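Following: one structure in structure tokens, then a few remarks.
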Amino acid sequence: MIDFLLNGASRRCEATPDTSVLELLRDTLGQTGTKEGCATGDCGACTVAIGEADATGAWRYHAANACITPAHQLNGRALVTVEGLARGDALHPAQAAMVECHASQCGFCTPGIVMSLFTLHEGQRHDPAPLTPERLESALGGNLCRCTGYRPIRDAAMTLADHPEPAVKAWEPPPRESAGEAEAPRAPATGAEASPPGDIGFAQPDSLEALIAERRANPEAPLVAGGTDLWLEVTQRLTRFPRVVDLTRVPELQALEEATLDDGRRGWWLGGAVTYARLEPLLAEHYPSFAHLLHRLGSAQVRNRGTLGGNIANASPIGDTPPVLLALGSRLWLAGPGDGKGEGEGIAERELPLDDFFLDYKHTALREGEVVRAIFLPRPDPERELRVWKLSKRREDDISAVLGAFAWRLSDGVMRDVRLAFGGMAAIPKRATAAEGALEGRPPTPEAFAAARTALASDFQPMSDVRGSADYRRLTAANLLERLRLVLGDELDDDHASYDKAHGSREVMLHAYAH
């Protein structure tokens, strides 16, 4: 049973465990304003707003792709769709601006665009920073307009503040004392009730202990957090899941905690179900190149839902974050069923270097029933640098062909602690240990980097697929190393160090990038 608020009214529905929010809206509730476009989370036609009340009782909303969001995750939350914004003839500013700027053409994608503008506008109540072109691009980056009406859509977004606020927020519930029959949604099942006998198959444990108990009982049931990858099995391969385990209600997997490892390294444990959107401020402050990557990883709708733990546990060879974490020397905190006192009770926890996690294509070191509890992100060393570069057919919201992450420090003019990691070059995200050895302890000269590029041939034997041929991957991975050399040359020049930048080589490589 799913208890939630739909456009301010309490709703209670039954659904199978693999039902999406979009299916619930259109097939069960008859709310057809939300459209199905791609069913993969790419086009944004199905964008809705999901809200949660904060500690003050104020509602905070994030945009989500309804086509790949599990319906049962609405439990105890608020859902706002395009039908819920207006009260009679009084339009929400997102709607009024779209009308005034003639920003709707065929109208099919318009509901999703309006909902993205809605979450942008409502978000400015909590973060009243100016609406810059970059912020607007981030908000609308997950919405396609098939009629190419982007200019008037942008104009509408920039004029949101010019339209009057609705006197009544029709999409939010009335205050509890005057709510009448519009009850607040019931809380989801917790603890031992998370997976009772005869339930519909969507378990929502609310503690690590309850999660591990569920894993012990149903180790084959798929885990879902954001659903940005798993739900494609439903929409594209028509897979039916008899049972699903939701990770979003487990507090231990939502934690962001400072920590010090036994080896003295300081940093943060990032819960396995922490979303990219929650990570952005931390990464922007400490690892700007990592934060920039997130904006190329997916749209706002994807970043609001997708999780770092999911990107790792999915073990895709083209996952964007694992190469960066490999370059940083991250560790994993794993949790699974323990032996207890001979009855299989308790929780077994262990740490593992990320280097030892990926074993083969889609095969990891996770034991039966284990989950990624947290990921250790080291605090940046002021002497250590990080660069991350992604190659894909589209600049944003696209899958990597090749991704390179490079970390190092310069000490007395030579490179130390070199870690080079790539995605898209092997069956797993992997470090280029031979290339690292070619650079370690050497100054960043053209000769050293030429040796590193040659060493890549022994590190990787990439395959060809729709995103790029093996030859393309070998060439571009080597080009990324040359790009790193050019960056080091610029930095050394800025520091007035004596280093030959080899301008001719720079011109050749920039020509290669352009083609």
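The values are calculated or read from the model by the stated rules, or taken from the named source; none is laboratory data. Just so you know, these numbers come straight off a predicted model, no measurement behind them. Every residue, glycine as well, gets a Cβ built from its backbone with ideal geometry; the counts of neighbours run over all protein chains shown.
Some points to look at:
- A single member of 430, 390 is of a type outside the set (A, V, I, L, M) and more than 21 Å from residue 486 (Cβ to Cβ), and it is 430.
- Screening the candidates 136, 117 for the property of being crowded, with 22+ Cβ neighbours inside 10 Å, within 26 Å of residue 169 (Cβ to Cβ) and in the same structural domain as residue 81 (by TED's automatic domain parsing) yields one hit, 117.
- Residues that are of a type outside the set (Asp, Glu) and within 28 Å of residue 74 (Cβ to Cβ), drawn from the range 248-267: 248, 249, 250, 251, 253, 254, 255, 256
- Just one of the listed residues (40, 34, 56) is outside any strand (DSSP E or B), farther than 30 Å from residue 399 by Cα and either among the β-branched types (Val, Ile, Thr) or not assigned by TED's automatic domain parsing to the domain that holds residue 171 (or both), and it is 56.
- In the range 139-160, the residues that are touching a residue at least 24 places away in the same chain (Cβ under 8 Å) and closer than 17 Å to residue 100 by Cβ form Cβ pairs under 6 Å with partners that are hydrophobic (A, V, I, L, M, F, W, C) and surrounded by fewer than 20 Cβ atoms within 10 Å (Cβ to Cβ), at six or more places apart or across chains, as follows: 152/101; 155/101; 156/101; 157/136.
- Scanning the range 9-27 for residues that are in contact with a strand residue (DSSP E or B) (Cβ under 9 Å, 6 or more places away or on another chain) and either crowded, with 19+ Cβ neighbours inside 10 Å or of a type in the set (Ser, Thr, Tyr) (or both) yields a total of 11.
- Residue pairs meeting the criteria (Cβ under 9 Å; at least 6 apart or on separate chains; first exposed (fewer than 14 other Cβ atoms within 10 Å of the Cβ), in the range 218-241; second of a type in the set (S, T, N, Q)): 236/40; 240/16
- Elements of the type helices (runs of 4 or more DSSP H) sitting completely within the range 445-515 and holding at least 2 residues that are surrounded by 14 or more Cβ atoms within 10 Å (Cβ to Cβ) and modelled with pLDDT of 90 or more: these cover 446-459, 470-494.
- Across the range 115-141, the number of residues qualifying as assigned to a loop (DSSP other than H, G, I, E, B) and of a type in the set (D, E, K, R) comes to 2.
- Here the condition is being at pLDDT 95 or above, among the aliphatic types (A, V, I, L, M), surrounded by fewer than 21 Cβ atoms within 10 Å (Cβ to Cβ) and not in a loop (DSSP other than H, G, I, E, B); of 210, 259, 192, it holds for 259 alone.
- Filter result (under 29 Å from the mean Cα position of the chain (by Cα) and exposed (fewer than 15 other Cβ atoms within 10 Å of the Cβ)) within the range 97-114: 107
- Residue that is surrounded by the fewest Cβ atoms within 10 Å (Cβ to Cβ) [pool: residues in the range 59-85 that are in a loop (DSSP other than H, G, I, E, B) and not basic (Lys, Arg)]: 76
- Flag if residue 397 is over 20 Å from the mean Cα position of the chain (by Cα) and touching a residue at least 60 places away in the same chain (Cβ under 8 Å): no
- Beta carbons closer than 6 Å, at least 6 apart along the sequence or on distinct chains, pair a first residue in the range 437-466 that is more than 21 Å from residue 487 (Cβ to Cβ) with a second that is buried (at least 17 other Cβ atoms within 10 Å of the Cβ) and charged (D, E, K, R) for 462/473.
- The range 289-313 - residue that is in contact with a helix residue (DSSP H, G or I) (Cβ under 6 Å, 6 or more places away or on another chain) and polar (S, T, N, Q) and, of those, farthest from residue 272 (Cα to Cα): 304
- Restricted to the range 381-410, and to residues there that are over 25 Å from residue 285 (Cβ atoms) and out of contact with any Pro (no Cβ under 9 Å at 6 or more places or on another chain), the residue that is surrounded by the most Cβ atoms within 10 Å (Cβ to Cβ) is 401.
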